[in-house]
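The values are calculated or read from the model by the stated rules, or taken from the named source; none is laboratory data. In this text the structure is predicted, and so the values were computed from the model without any measurement. Here the Cβ is made from the backbone with ideal geometry for all residues, glycine too, and neighbour counts use every protein chain on show. Please note that ligands, DNA and RNA were not included when accessible areas were found on the heavy atoms of the full protein model with its side chains. Shrake-Rupley method; radii C 1.70, N 1.55, O 1.52, S 1.80 Å.
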Amino acid sequence: FLGFSFFLIAAALLLVALLVLPRLAGFITEWLWFSQVGFATVFTTALAWRAALFALGGLLAYAVIGGNLRIA
């Protein structure tokens, strides 16, 4: 049983590493490029808008799904 749980934890960590590391590398590359050309504020503004729109979309989806579940 202990060996199986270790395998699951190792597989989950590997999956997270394979999904997160390429995105992190792309983020760092873009940050360095925008900083080098003097447009770091443009990058942070775009990043803030992406995060805000993601949160707004999540709240809207939560409201729609929650409303439908309440009706059902």
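In plain terms, the bigger the Kirkwood radius, the slower the diffusion; for the chain, with that radius from Cα pairs, at 20 °C and 1.002 mPa s, Stokes-Einstein puts D at 134 µm²/s. With θ taken as phi - 60° and the Karplus curve 6.51 cos²θ - 1.76 cosθ + 1.60 applied, the whole-hertz 3J(HN,Hα) list for segment 11-21 is 5, 5, 5, 5, 4, 4, 5, 5, 8, 8, 4 Hz, x standing for glycine and proline. Label positions at Arg23 and Phe7, each projected 7 Å from the Cα along the C-beta direction, are separated by 2.8 nm. Only DSSP H runs of four or more residues enter the estimate; each adds -39500 (n - 2.57), and after division by the residues of the chain the mean residue ellipticity at 222 nm equals -34000 deg cm²/dmol. Computed over protein heavy atoms with a 1.4 Å probe, the accessible surface of the chain works out to 91 Å² per residue.
In the chain, carbon and sulfur make up what percent of the accessible area (probe 1.4 Å)?
80
Annotation for segment 16-51: chymotrypsin sites (Phe, Trp or Tyr not before Pro) lying in DSSP loop with at most 14 further Cβ atoms inside 10 Å of their Cβ are Phe39.
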